[in-house]
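Undergrad: Got a structure for you, questions after.
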Amino acid sequence: MEYSPFLHSLHVVPSSHVRNKLFVFCIMLSLWVYMIYCCVGYCSTVPNLTYSSVRRHENDAATDNRDSSLGASRDLLNNENELDSRGDEWDEVRSEAKAVDDGAMSGFLNETESKKLPQAIIIGVKKGGTRALLEFLRLHPDIRAVGAEPHFFDRNYDKGLEWYRELMPKSSEDQLTMEKTPSYFVTREVPSRIYSMSKDTKLIVVVRNPVTRAISDYTQTRSKKPDIPSFESLTFKNISAGLIDTTWSAVQIGMYARHLERWLQFFPMEQLLFVSGERLITDPAGEMARVQDFLGLRRVVTEKYFHFNPTKGFPCLKRPEVNAKPHCLGKTKGRTHPNIDPQVVQTLRDFYKPFNRKFYKMTGHDFGWD
């Protein structure tokens, strides 16, 4: 066969320069695909939370009317307007963004991750320490938890379980999915609804001295509505007769035994764990050991994760592996309580005593509030 310069010119071997350019192009293309994947993952999570917030505001009037017709508790502020409910005390925007980024990265590496309905729920109580407990739990590698409160079983139940599932972060088969909404514990319809979702759901209730809890509840409300009546006037139906107004939610929530009776109609006691809000402050590692055991998890979150801040009066979180500055609750946590008439405080203590003693007997644990 004769040599042909024309045919030889068609058989061009790519130079090393061209190969290098192709290699760089492939890397850049991979990075762009990954960045788009992360953005899609972020957007799929954030709008759900925003949509939930918008829909809750649209339902405010209907909820208020329904509560009035059912003779529900008298309250001064809807939970969805509270900082606790939005969950931004722990720099929630940053922690949620990190959770999304972590989820996108793990999803990029592990195709088996999916959104699951929660296997465990922190169901209460308001101003008991639920936000702190949730943030402690989110340090555990085997837990994935949504930061904002879904309020699915009390306010958004009509949206259906698939809507609820979409709010959850992606998790692997060996990870536990969780959420927290403190109003669940005191809402009459919630026990049956959670049971309908899964009768095996593990339930955590963070409780606190009901007198202190009521004052904290009032303090939070007053920070938003400074012109509300005094704590003393709201506590009593008839102050001269010493008759407590049990329709005021700040008082009603602390009647723990009455609320617990409804839950025990659906769930056995071994599926409920009662966490001391006081011990979350004085001994967070000890309470976290109980919680991790209850959830069937390794004891990962131990004393090395906590740093007590004497100025704030509660423990702050630290990540021992990175030697970073402790991460504390925001300025709206640990508010200074107003001075309450000591006689009113004593009357409330006497009012709660029979409820507390019944609660101790039901749970098999004396919380030492009396």
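Undergrad: Taking the criterion of being among the small types (Gly, Ala, Ser), modelled with pLDDT of 95 or more and more than 20 Å from Ser216 (Cα to Cα), would at least one residue in the range 122-139 satisfy it?
TA: No, there is no match, as no residue in the range 122-139 is among the small types (Gly, Ala, Ser), modelled with pLDDT of 95 or more and more than 20 Å from Ser216 (Cα to Cα).
Undergrad: With the requirement that a residue be farther than 15 Å from Arg349 by Cα and of a type in the set (D, E, K, R), what does the range 208-258 give you?
TA: Asp217, Arg222, Lys224, Lys225, Asp227, Lys237, Arg258
Undergrad: Right, next: With respect to the numbered conditions (1) in a helix (DSSP H, G or I); (2) over 19 Å from the mean Cα position of the chain (by Cα); (3) of a type in the set (Gly, Ala, Ser), which one is the sole condition not fulfilled by Ser216?
TA: So the condition that Ser216 fails would be (2).
Undergrad: Could you please let me know if Ala250 is farther than 22 Å from Gly364 by Cα, modelled with pLDDT of 95 or more and touching a Phe, Trp or Tyr at 6+ places or on another chain (Cβ under 7 Å)? Write out each step before concluding.
TA: Numbers: farther than 22 Å from Gly364 by Cα: yes; modelled with pLDDT of 95 or more: yes; touching a Phe, Trp or Tyr at 6+ places or on another chain (Cβ under 7 Å): yes.
In short, yes.
Undergrad: Now a separate question. Quickly run through the range 201-228 and pick out the residues that are among the aliphatic types (A, V, I, L, M) and under 26 Å from Pro191 (Cα atoms).
TA: The first filter runs over the range 201-228 and keeps only residues among the aliphatic types (A, V, I, L, M), leaving 203-207, 211, 214-215, 228.
Answer for the range 201-228, where residues must be among the aliphatic types (A, V, I, L, M) and under 26 Å from Pro191 (Cα atoms): Leu203, Ile204, Val205, Val206, Val207, Val211, Ala214.
Undergrad: Does the range 189-203 contain at least one residue that is in contact with a strand residue (DSSP E or B) (Cβ under 8 Å, 6 or more places away or on another chain) and small (Gly, Ala, Ser)?
TA: So the first thing to find is which residues in the range 189-203 are in contact with a strand residue (DSSP E or B) (Cβ under 8 Å, 6 or more places away or on another chain), and the list is 190, 194, 201-203.
Going one step further and asking which of them are small (Gly, Ala, Ser), we end up with none.
Scanning the range 189-203 turns up no residue that is in contact with a strand residue (DSSP E or B) (Cβ under 8 Å, 6 or more places away or on another chain) and small (Gly, Ala, Ser).
Undergrad: Next up: Output the residues belonging to the range 203-213 that are outside any loop (DSSP other than H, G, I, E, B) and either within 14 Å of Gly124 (Cβ to Cβ) or at pLDDT below 95 (or both). Explain how you work it out, then say what you get.
TA: At the first step, the residues of the range 203-213 found to be outside any loop (DSSP other than H, G, I, E, B) are 203-207, 210-213.
Residues satisfying the conditions are Leu203, Ile204, Val205, Val206, Val207, Pro210, Arg213.
Undergrad: Of the residues that make up the range 142-164, is at least one closer than 18 Å to Arg193 by Cβ, hydroxyl-bearing (Ser, Thr, Tyr), touching a residue at least 24 places away in the same chain (Cβ under 8 Å) and surrounded by fewer than 18 Cβ atoms within 10 Å (Cβ to Cβ)? Break it down into steps so the answer makes sense when it comes.
TA: Step one: of the range 142-164, the residues closer than 18 Å to Arg193 by Cβ are 146, 149-164.
Narrowing the set further to residues that are hydroxyl-bearing (Ser, Thr, Tyr) leaves 157, 164.
Then drop every residue that is not touching a residue at least 24 places away in the same chain (Cβ under 8 Å), which leaves 157, 164.
Still in the list and also surrounded by fewer than 18 Cβ atoms within 10 Å (Cβ to Cβ): 157.
Yes, that holds for at least one residue.
Undergrad: Pick from the range 165-186 the residues that are free of Cβ contacts under 8 Å to residues at least 60 places away in the same chain and over 14 Å from the mean Cα position of the chain (by Cα): which of them is nearest to Gln292 (Cα to Cα)?
TA: Within the range 165-186, the subset free of Cβ contacts under 8 Å to residues at least 60 places away in the same chain is 165, 168, 171, 174-175, 180.
This time we only want the ones that are over 14 Å from the mean Cα position of the chain (by Cα), so: 165, 171, 174-175.
Working: Arg165: 23, Ser171: 18, Asp174: 15, Gln175: 13 Å.
Taking the candidates together, the pick is Gln175.
Undergrad: Just checking, which of Arg290, Arg262, Arg319, Arg258 is surrounded by fewer than 18 Cβ atoms within 10 Å (Cβ to Cβ), assigned to a loop (DSSP other than H, G, I, E, B) and charged (D, E, K, R)? Reasoning before the result, please.
TA: Values: Arg290 fails: assigned to a loop (DSSP other than H, G, I, E, B); Arg262 fails: assigned to a loop (DSSP other than H, G, I, E, B); Arg258 fails: assigned to a loop (DSSP other than H, G, I, E, B).
The match here is Arg319.
Undergrad: Any chance the range 178-185 includes a residue that's part of a loop (DSSP other than H, G, I, E, B) and crowded, with 23+ Cβ neighbours inside 10 Å? Spell out how you get there, then give the answer.
TA: At the first step, the residues of the range 178-185 found to be part of a loop (DSSP other than H, G, I, E, B) are 181.
Okay, now just the ones that are also crowded, with 23+ Cβ neighbours inside 10 Å, so 181.
Yes, because at least one residue in the range 178-185 is part of a loop (DSSP other than H, G, I, E, B) and crowded, with 23+ Cβ neighbours inside 10 Å.
Undergrad: Report yes if some residue within the range 221-244 is touching a Pro at 6+ places or on another chain (Cβ under 8 Å) and of a type in the set (Val, Ile, Thr); otherwise report no.
TA: Residues of the range 221-244 touching a Pro at 6+ places or on another chain (Cβ under 8 Å): 222, 231.
The next check asks that each one be of a type in the set (Val, Ile, Thr); those that pass are none.
No.
Undergrad: State the number of residues belonging to the range 234-255 that are closer than 9 Å to Ala214 by Cα and either among the basic types (Lys, Arg) or part of a loop (DSSP other than H, G, I, E, B) (or both).
TA: Here the count works out to 2.
Undergrad: Which pairs have Cβ atoms under 6 Å, sit 6 or more apart or on different chains, and link a residue in the range 229-254 that is within 22 Å of Tyr184 (Cα to Cα) to one that is among the small types (Gly, Ala, Ser)?
TA: Pairs that qualify, where the first residue is within 22 Å of Tyr184 (Cα to Cα) and the partner is among the small types (Gly, Ala, Ser), are Thr247/Ser73; Ser249/Ser73; Ala250/Ala214; Val251/Ala214; Gln252/Ser73; Gly254/Ala214.
Undergrad: Right, another one. Can you tell which of Ile253, Ile281 is closer than 22 Å to Leu134 by Cα, in contact with a strand residue (DSSP E or B) (Cβ under 9 Å, 6 or more places away or on another chain) and crowded, with 19+ Cβ neighbours inside 10 Å?
TA: Values: Ile281 fails: crowded, with 19+ Cβ neighbours inside 10 Å.
Just one listed residue meets the conditions, Ile253.
Undergrad: While we're on this one: Would you say Arg222 is modelled with pLDDT under 95 and surrounded by fewer than 23 Cβ atoms within 10 Å (Cβ to Cβ)? It would help to see each step written out before you state the result.
TA: Details: modelled with pLDDT under 95: yes; surrounded by fewer than 23 Cβ atoms within 10 Å (Cβ to Cβ): yes.
Yes.
Undergrad: I would also like to ask the following. Looking only at the range 287-343, count every residue that is at pLDDT 80 or above, in contact with a strand residue (DSSP E or B) (Cβ under 8 Å, 6 or more places away or on another chain) and either under 30 Å from Tyr218 (Cβ atoms) or among the hydroxyl-bearing types (Ser, Thr, Tyr) (or both) and tell me the total.
TA: Result for the range 287-343: 9.
Undergrad: Would you check which residues across the range 157-177 are among the acidic types (Asp, Glu) and in a helix (DSSP H, G or I) and list them? Steps first, answer last, please.
TA: Of the residues in the range 157-177, the ones among the acidic types (Asp, Glu) are 158, 162, 166, 173-174.
The answer is Asp158, Glu162, Glu166.
The values are calculated or read from the model by the stated rules, or taken from the named source; none is laboratory data. This structure is a prediction, so every number in the text was calculated from the model and none was measured. Don't worry about glycine lacking a Cβ; one is built from the backbone with ideal geometry, like all the others, and counts go over all protein chains shown.
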